[in-house]
Every structure is written in C-alpha cells, then in structure tokens.
1. Scan region 246-258 for residues that are surrounded by fewer than 19 Cβ atoms within 10 Å (Cβ to Cβ), in contact (Cβ under 8 Å) with a residue 60 or more places away in the chain and part of a helix (DSSP H, G or I) and jot them down.
2. Part of a helix (DSSP H, G or I), within 23 Å of Val269 (Cβ to Cβ), at pLDDT 85 or above and out of contact with any helix residue (DSSP H, G or I) (no Cβ under 8 Å at 6 or more places or on another chain): which single residue out of Leu228, Leu149, Leu199, Leu176 fits that description?
3. With respect to Val102, is the statement that it is of a type outside the set (Ser, Thr, Tyr), modelled with pLDDT of 95 or more, surrounded by 20 or more Cβ atoms within 10 Å (Cβ to Cβ) and part of a helix (DSSP H, G or I) true?
4. Which condition number in (1) assigned to a helix (DSSP H, G or I); (2) in contact (Cβ under 8 Å) with a residue 60 or more places away in the chain; (3) under 25 Å from Ile209 (Cβ atoms); (4) aliphatic (A, V, I, L, M) is the one that Ala76 fails?
5. Mind listing whichever residues of region 79-116 are free of Cβ contacts under 8 Å to residues at least 24 places away in the same chain and in contact with a helix residue (DSSP H, G or I) (Cβ under 6 Å, 6 or more places away or on another chain)?
6. I need a count of the residues in region 259-271 that are of a type outside the set (Val, Ile, Thr), buried (at least 22 other Cβ atoms within 10 Å of the Cβ) and assigned to a helix (DSSP H, G or I).
7. Does any residue of region 148-157 turn out to be within 16 Å of the chain's Cα centre (by Cα) and not charged (D, E, K, R)?
8. Return yes or no: is Phe15 touching a residue at least 40 places away in the same chain (Cβ under 8 Å), crowded, with 20+ Cβ neighbours inside 10 Å and in a helix (DSSP H, G or I)?
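The values are calculated or read from the model by the stated rules, or taken from the named source; none is laboratory data. Keep in mind the model is a prediction, meaning the values are calculated, not measured. Here Cβ is always computed from backbone atoms with ideal geometry, including for glycine, and neighbour counts include all displayed protein chains.
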Amino acid sequence: MDNLLFSFNVIFPLFVLLFVGNLSVRFNWVDKETLNKLNKFIFRVPLPILLFLGIYNMENIDVQNSVKMLSVILIALPSVTIIMSLIMNRTKLPNPKKAVIVQAWFRSNIMIFGIPVVQGMYGDVGLPLLSSLILVAVPLVNILAVFVLEGYRGHDISASKLMVSVIKNPLVDAALLGFILFLLQIKLPEIILSPLNSLSKTATPIAFIILGGTLEFDSIKNNIKLILLGSVGKLIITPLIVILAAISIGLRGMYLGCIVATIASPVAVSSFTMAKEMDGDADLAAQLVIITTVLSLITIFFWLYGLKSFNLL
C-alpha cells in the first residue's frame, strides 16, 4: 500500500495540472496565443533558471554512481537511435514518418516531466543530480535529433548546425553556467538568489498547465498504428532496456530514480518543432507528444510502483 501511495503522490499532482490547463482552454479562460507566449517564456526563463540552480547547488554527490548514471544515458540513447533506425530502414514507411518514430523512441520531455517526478520522489534534494544528467542528455538528444531528421531527408549532416542547435539552447547555456559557478565555487549573493528561486518555482506548474492546454485529440485515428509503435517504444520498451542496464551496473535509489524520470518521460514537445522545421511528419510528431503525455501518467506510475516494490528506488 505504501508503494502505491508513493507512486500516486508523485503522479496525481501532474495529472491535476494537465487537467487545469485543458479545462482553462475549453472554458476560454486562456487562448492558444497566450499559451504560445507563455511557452516561450517558460523555456527561456523559469526552466533554465531551475536547471541552473539545480547544478549550482550540487553537493555530496557520489562520483562513482554519478559517472555510472551518465554513462548509461550516453550509451543508451545513441544505441536506441541506431537500433530503431536500422529497424525503420527495413520498412516501407515514408522517410518523414521514419524520422519521427525514431526520434520518439529516444527524445524525452525531461524538463517538464523529469523534474517534477524527481521532486515528487526525493524533493529538491534530487534536483542537483537530475540537473547533472540533463546537462549531458539535452545536448546529446539535440545532436541525435539533427542526425536522424537530416539523415532521413537526405541532407548532409552539418557540424555547424549541430553546434548551433546545442549552443542556442537556453537549457544547455543555463546548465553550463551553473556548472562553471559550481566548479569555481562562486557563491551568488542572496539578493540575486532570492528572485531566481522564486522564478524557478513557477516552472513546473506553468509548464504543465500549458501542456494540458495544448492537448488535442483530433485526427489521432489516422496514424493509430504508428502512434502505438511510438508510444510503446517510448514508454515501455526503451525504459525497460535502460532501467535493466542501470540496475545491472548497481544503480539504486536516487541515481536509478533520475534514470527513470529521464527515460520514461513522454516524447518531448520540441520533437514536433524540429520535425516541422526539418521535413519530418509534423502531424505524427504532434500526435505522439499528445498520446505519450497522457499515457505516461499511467506508465510512470507503474514504473515507480514496480521499482519501489523491489526496494530499488
């Protein structure tokens, strides 16, 4: 019973926030234009600040387990990308759909889902560890996405484009700045930290309300088989492989929890944006974001419940 309550307490608040966002749009309390502007604000201010503070406040982290945790992600995400690309290449699907399915299997909504899941499990104590993982995962995922999308539209991979996609990402910039201050042991005065902390606390609730407001289920039936393939891969198969790998090298507790939050999260909203810009199937990408977002509330619940039952978290 305690394990069920543990999982419920992590997931239910996220469901409520999604519901509030969806309800707000249905009752015209906010419109889509407002949500779009808020979305830009969230990804440029509160989320980067939250990530910056997470790394800036790092302390008492087990270096050996941290290296193991980062190694799992560094090996797992490219491996999943290569395997899925090989599988997709044996199908007769159009290249834009292949690109979106491959991207869906490795591209997680770490910032919006991963952070609240870790906070729900461990409180703010888990944020520094997750932030170090995000520092590695975000640029890696962006690079893999460019490789996949450019590869399937038949273009050469541009090293400069890869660098720009990483450098222009405000999350990467914030994480690097936090890491530099952490390494140099530079302490910011309270007059700066206080407003930063206040802004960071708005990140998760506003992000989930925005996400809930953007959920639409029209035209899902047109791609039902591909949506099923992408959803099962993203929420069940990929997490199963990565979590078993993490357990096999001895990761437990918060380190395993951060892996779960990273790898079991739904497809990232940014996957739709990149698919649209780089000739992927944008409609399929949007549908995968919607369906995996809803289903992940169930699958993450069971991942947490199962791992907690075996005393692994």
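1. Ile247, Gly253 - these are the residues of region 246-258 that are surrounded by fewer than 19 Cβ atoms within 10 Å (Cβ to Cβ), in contact (Cβ under 8 Å) with a residue 60 or more places away in the chain and part of a helix (DSSP H, G or I).
2. One residue alone meets the criteria, Leu228.
3. yes
4. Exception for Ala76: condition (3).
5. Of everything in region 79-116, just one residue is free of Cβ contacts under 8 Å to residues at least 24 places away in the same chain and in contact with a helix residue (DSSP H, G or I) (Cβ under 6 Å, 6 or more places away or on another chain), namely Met88.
6. So the count comes out to 2.
7. No, region 148-157 contains no residue that is within 16 Å of the chain's Cα centre (by Cα) and not charged (D, E, K, R).
8. no
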